[in-house]
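Please read the structure below before turning to the comments.
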């Protein structure tokens, strides 16, 4: 038994990668193990926890539920790609540092990608909207208190940065 | 210099983690072979045959191992880690099942292959035939003992333990009031976002093993693996990478996989990795919490307890590798901030055909606090007293500290509370939540057709349990300070808080300090991270080691500056002589001077060659001296230090759907002086969320056959943001401990402990229906209402 392999081109964080994968290979495994972009984490393998969330064409998607072969040509942003070109933390990343929005850090990449997309759609969320925005991601450490604060702080930081 | 202790500074860990540059177990070892395990689908069965032939032609398969392949000590049962005289029938599992399986998920066959996909392909082609046996599921079935989990353990009883203080029978006989209560808590689990994982590299040239494990104890894993594989401790390095949460489950060691993976790596001469998937975590790691309790309490007309008699039954699952720590904690910490009068507590620890039990954050305390606080509420209801009044009347008073309960704690040492102020905590809680104004709120809500209730839960938590931790602090020639302690980190921010301690003790900027935890290469003696002990134990050891390094620095500086050590101070990494401007020397220079060298390999070292420094009439390193500016010390206290706290929750219950909504959640907490308030509050937030889960959502739904029906995040209801309180209101009291150099107490577990107790109290208050079992779902509350109405209608 040998799996048939398929050639796939992924554009990850702006860089093109050509990979050769079996049809069943998950995008999360391709990112983590083939491209060694290990910032994307896998917490449940069935789309419930959100730790593996990446942006596909800007939209948050669960990479544990995507097959790599279905992503040919897709533009993917992982947590590593959120950092600014000059190496500075993005507003969302900085907000998590400012607000103690992470403890063990395992779920954090999925929150960061989800919130990044959410704030693009709604740059000025109310607290209730901030809760809704992260309503599909699990965290076992923080009780979400400081993640909600991080969302609001990120929106504030984005506004501050846009003003300067 | 601002004192760093007490500052709510951001964490030094965060920068790399938010960039996606954390290094968790499965982020390592991209070249490693992968494992999959064939696990028992039965709760109780004999293994009749294992047929691997179907798997042999899977491309990429490397090896298949069953029990028959295990050599020497690897073929013995895994260790019983914490023996106890009361644990008379201890049974542990084999690394791979031998002849019988005793719970769903027990590993039977190990498959090693080029990746996990292929390993699972091979695993599903392995045919294991079983003769199934009746399963013992739940405490009632275990107590009935019509079926036995282990044929040679009568009554399914692994341990029976009894402790008494005073004459309980006489106290109860003389009491004006007696109440009896039956109280139960269901199974739950730590459920960190990252499961277990282990990676091993065997170096055949140096004959050494390097192991990474997502563990709460790297030294424990090292000792266990070295013993099982017949290796010297010095030939095994165990490194704890970033760990994606622990909450207790990762203190268990060695897991079968933790000994099998390094063994396979040595057999195969290639790195091997095991990464648990989520279903495996549910059925093959560990659970906790399930206990039934029967309480008899005698009290006087004021509600003062005269005698307390508690009998309980603890479900520890199929094996008992971690001993009876959890029920021992329940039986002692149940007492909380109260004097029980005469006290008798007896428990049986029972085998069932379900997953093993090891401590989960709180570790027996949520159950004990539930029992005691339900008892307090029942006394208040009987006497028609305010619930806080009954508690106040039973409190240990501050002037009674240290308070000796006359019992033995989980470390087999006397249960003596070192410090605490429970009346002040209760006053703070009442103010924070507005206890005395609640009736007005209830009336207003009632007028709108709403049903609300308030509840509280009080606890005392033994933290910083021994035996010891140690630390090493060294100043590099660059002036940077490297700190190592052996216990591990799973998100608590140790790199930050330990650096805060060193910054103050040594007088160096935080940015010059780097802390390493859980790496046996850097510090080989350690116990581990559990029992809210890291800050107390390693924090204290680090303070002591930093003080030793400081003393050495001042001694060398005194020589170099020709000053009296008493006139020296260290600020921002520079030693200065008081009142003598310009008389100063940096810690980095001192580190160079303190290490007399033969070789000038750089400019700094040139300053310290034997031709440059030293008194030629003395040996370069004095008789009782050592080179370098460093300190190593250990902290080993006589006993635990006791933190405390009280929670109040306000709930609203839907009159139609019985949905339970949290309106307020208030915490007062006393863990002594806070090293970093924002980190302590983060710990409380997370604990409270787990308390909410344990009270309202989370349970392990085993069916009668021992199948776990909800072994996924889809079905095990771990709280999302929508389930936790919108605000967790926190107030602190800081009662220092006299037992350690920093006066601190542990804070890691506190947030979860009184959750079930406080919610039961609040729901009972809202509904007027006695709550005796947690967790409680809307459908269970609905059913309680129905039965209550049946009973009250004629």
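Averaged over peptide B:8-17, the number of partner chain Cβ atoms lying within 10 Å of each residue's Cβ comes to 5.
Placing a label point 7 Å from the Cα of residue B:127 along the Cα-to-Cβ direction, the residues of the range B:19-51 with a backbone N closer than 11 Å are B:50-51. Largest mean-square fluctuation among A:52, A:64, A:104, in a Gaussian network model of chain A whose springs join Cα atoms under 10 Å apart, belongs to A:104.
Cα extents for the range B:163-299 along the principal axes, largest to smallest and rounded to whole angstrom: 76, 32, 22. On full extension, the segment bounded by residue B:785 and residue B:227 gains 195.3 nm, given 0.36 nm per residue less the C-alpha separation. The fraction of all Cα pairs in the range A:5-81 landing in successive 5 Å bins from 0 to the largest distance is 3, 18, 31, 29, 14, 3, given as whole percents. Rounded to the nearest 10 degrees, the inclination of helix A:108-121 to the longest alpha-carbon principal axis of chain A is 70 degrees. Relative contact order of chain B: 15 percent, from C-alpha pairs under 8 Å at least 6 residues apart in sequence.
Among beta bridges from DSSP that stay inside the range B:469-635, the antiparallel ones total about 75%. Once both labels are positioned 7 Å from their Cα atoms along Cα-to-Cβ, the gap between residue A:15 and residue A:84 label points is 2.1 nm.
Averaged over the residues of A:72-80, the number of partner chain Cβ atoms lying within 10 Å of the residue Cβ comes to 1. A crude spin-label estimate for the pair residue B:114 and residue B:72, with each label 7 Å from Cα along the Cβ direction, gives 3.3 nm. Between residue A:161 and residue A:2, the FRET efficiency from the beta-carbon distance, with R0 = 56 Å, is close to 0.65.
Modelled spin labels at residue B:408 and residue A:127, positioned 7 Å past Cα toward Cβ, are 5.0 nm from each other. Here's the picture: a label point sits 7 Å out from the Cα of residue B:174 along the beta-carbon direction, and within the range B:276-307 the residues with their amide nitrogen under 13 Å of it are B:299-300, B:306-307. Using only the C-alpha atoms, the convex hull of chain B corresponds to 190 Å³ per residue. Gap in Å between the Cα centre of the range A:137-156 and the Cα centre of the range B:212-261? If we compute the Cα centre of each part, the gap is 32 Å. Using the alpha carbons alone, the radius of gyration of the range B:469-635 stands to its Kirkwood radius in an Rg to Rh ratio of 1.01.
Let me have the relative contact order for the range A:91-163, percent, based on Cα pairs under 8 Å that are six or more residues apart. Value for the range A:91-163: 53 percent. For the pair the range B:531-588 / the range B:73-134, the C-alpha centres are spaced 53 Å from each other.
Rule-based calculations on the coordinates, nothing more; no lab input. In this text, all values refer to a predicted model and were calculated from it rather than measured experimentally. Ideal geometry is used to build each Cβ from the backbone, glycine not excepted, and the neighbour counts take in all protein chains shown.
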